[in-house]
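Remarks on the structure that follows.
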């Protein structure tokens, strides 16, 4: 090692030591009546969030607007805890059970403290920097390497963009955060405060596969050829799809969410990325959420590359992958092909997410397919997920919906008239609801 390199490493270590402090000191520069954001999912920094909550509790910090996506346990116990909600305005970009609990309380008291921000995932980095103007940002990162770089690990999403476009950045260094490549590296010179806190990362449990998942998984897997590049999320259906891809060859990954099911396909040799059109041999994602096994597998793995959602989820980028197959789900779909993937009883249940980003990107790709996979019923068969017309928000317009899959079959809506669409979707509904759907469709001369 040359003397020059050794000298630079010493400089980085000195800068690290100068910026290293307690979580309480790290959040002192945060200002009242500003916009702050924190890392999503496993990137939530528990020590920093607790320090912010303590300032909110003592009124040394107030009237914060907090922007975030995928709030989990750490956020629920700190900045979104009941005893600090009076001092903030919560602005989730995707709802979880943490946010739904706040909404329930909000309905009981009549006092609004949470307001959802609709946005396509690929636009969120731009929204937070150009339209909302985040002042301060906190997130968990991997340990610094010898050249002065941390890694954002599980979270690139909006993090890599926001931290370079705000006034103040504090990071929580955690040895359990994996080191990931791509555009995930952040230099010590870009950081204002460093906190060390080695705690287990938040995990998302593996969803058990149900009988309906098995059937849907088989149908979807049959539509994925050798050499395809895939995108899918977390849940029973994606797990079932992964299960039935074991005999496929040379698959690739370009996905919003990297999960355990995809990791298993890589380990099995089903996914190697050798036939990808862009980022060949690389597994591309913008956020990862799963088990410790996934995080350990990602760590210092040169095949893993993360990019901001403004790139990874951009339909124009997605479409560059030949044979791109996107697999997403929904809460309900109406007989016109309109999709609600986020709203129940006029309340936001999840979020806009990146489903439409990939739906459009996959359709525009050479040989691509956009697949919407969902159970035919909800609440143990009490309700049909295929409805005459939506009364909740439209997440995906009818013009974008292509392949729809339930346990009763597959329909491709592209090129079909409104009558043909309605008849095809009724065939995918549970038999006990088909007569009612036909009757409703006839009422408005849809069929």
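Checking the condition at pLDDT 95 or above and over 26 Å from the mean Cα position of the chain (by Cα), which residue from 23, 53, 37 passes?
Numbers: 53 fails: over 26 Å from the mean Cα position of the chain (by Cα); 37 fails: over 26 Å from the mean Cα position of the chain (by Cα).
Result: 23 is the single residue among 23, 53, 37 that is at pLDDT 95 or above and over 26 Å from the mean Cα position of the chain (by Cα).
Considering only region 306-319, I want to know if a residue exists there that is under 20 Å from the mean Cα position of the chain (by Cα), touching a residue at least 40 places away in the same chain (Cβ under 8 Å) and under 20 Å from residue 411 (Cα atoms). Lay out the reasoning, then the answer.
Start the filter on region 306-319 by keeping residues that are under 20 Å from the mean Cα position of the chain (by Cα), which leaves 306-319.
Keeping just the survivors that are touching a residue at least 40 places away in the same chain (Cβ under 8 Å) gives 306-319.
Filter once more, so that each one left must be under 20 Å from residue 411 (Cα atoms): none.
So far as region 306-319 goes, no, none of its residues is under 20 Å from the mean Cα position of the chain (by Cα), touching a residue at least 40 places away in the same chain (Cβ under 8 Å) and under 20 Å from residue 411 (Cα atoms).
To keep it simple, each residue is scored yes or no on (1) in contact with a helix residue (DSSP H, G or I) (Cβ under 9 Å, 6 or more places away or on another chain); (2) within 20 Å of residue 286 (Cα to Cα).
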site: 93; (1), (2): yes, yes
site: 108; (1), (2): no, no
site: 112; (1), (2): yes, no
site: 118; (1), (2): no, yes
site: 126; (1), (2): yes, yes
site: 137; (1), (2): yes, yes
site: 140; (1), (2): yes, yes
site: 144; (1), (2): yes, no
site: 148; (1), (2): yes, no
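Here is a check on your reading of the model: is residue 220 in contact with a helix residue (DSSP H, G or I) (Cβ under 6 Å, 6 or more places away or on another chain), buried (at least 16 other Cβ atoms within 10 Å of the Cβ) and not assigned by TED's automatic domain parsing to the domain that holds residue 255?
Numbers: in contact with a helix residue (DSSP H, G or I) (Cβ under 6 Å, 6 or more places away or on another chain): yes; buried (at least 16 other Cβ atoms within 10 Å of the Cβ): yes; not assigned by TED's automatic domain parsing to the domain that holds residue 255: no.
Judged against the criteria, residue 220 is not a match.
Regarding residue 241, is this residue touching a residue at least 60 places away in the same chain (Cβ under 8 Å) and either surrounded by fewer than 21 Cβ atoms within 10 Å (Cβ to Cβ) or in contact with a helix residue (DSSP H, G or I) (Cβ under 7 Å, 6 or more places away or on another chain) (or both)?
Working: touching a residue at least 60 places away in the same chain (Cβ under 8 Å): yes; either surrounded by fewer than 21 Cβ atoms within 10 Å (Cβ to Cβ) or in contact with a helix residue (DSSP H, G or I) (Cβ under 7 Å, 6 or more places away or on another chain) (or both): yes.
Answer is yes for this residue.
Restricting the search to region 104-126, which residues are crowded, with 19+ Cβ neighbours inside 10 Å and over 16 Å from the mean Cα position of the chain (by Cα)?
114
Does region 415-428 contain any residue that is touching a helix residue (DSSP H, G or I) at 6+ places or on another chain (Cβ under 6 Å), buried (at least 18 other Cβ atoms within 10 Å of the Cβ) and assigned to a helix (DSSP H, G or I)?
Looking for residues that are touching a helix residue (DSSP H, G or I) at 6+ places or on another chain (Cβ under 6 Å), buried (at least 18 other Cβ atoms within 10 Å of the Cβ) and assigned to a helix (DSSP H, G or I), one finds at least one in region 415-428, hence yes.
Looking at region 400-413 only, could you name the residues that are part of a loop (DSSP other than H, G, I, E, B) and closer than 22 Å to residue 442 by Cα?
Let us first name the residues in region 400-413 that are part of a loop (DSSP other than H, G, I, E, B), namely 400-402, 407-408, 413.
Passing the criteria: only 413.
Among the residues of region 429-447, which ones are in contact with a helix residue (DSSP H, G or I) (Cβ under 8 Å, 6 or more places away or on another chain) and either more than 26 Å from residue 326 (Cα to Cα) or not in a loop (DSSP other than H, G, I, E, B) (or both)? Give the derivation first.
From region 429-447, those in contact with a helix residue (DSSP H, G or I) (Cβ under 8 Å, 6 or more places away or on another chain) are 429, 434, 437-438, 441, 446-447; that's our starting set.
Correct list: 434, 437, 438, 441, 446, 447.
Test each condition in (1) within 30 Å of residue 314 (Cβ to Cβ); (2) under 20 Å from the mean Cα position of the chain (by Cα) for residue 205 and report the one that comes out false.
Condition (1) is where residue 205 drops out.
The values are calculated or read from the model by the stated rules, or taken from the named source; none is laboratory data. Remember, predicted model here, so these are calculated numbers, not experimental data. Every residue, glycine among them, receives a Cβ derived from its backbone with ideal geometry; neighbour counts consider all protein chains shown.
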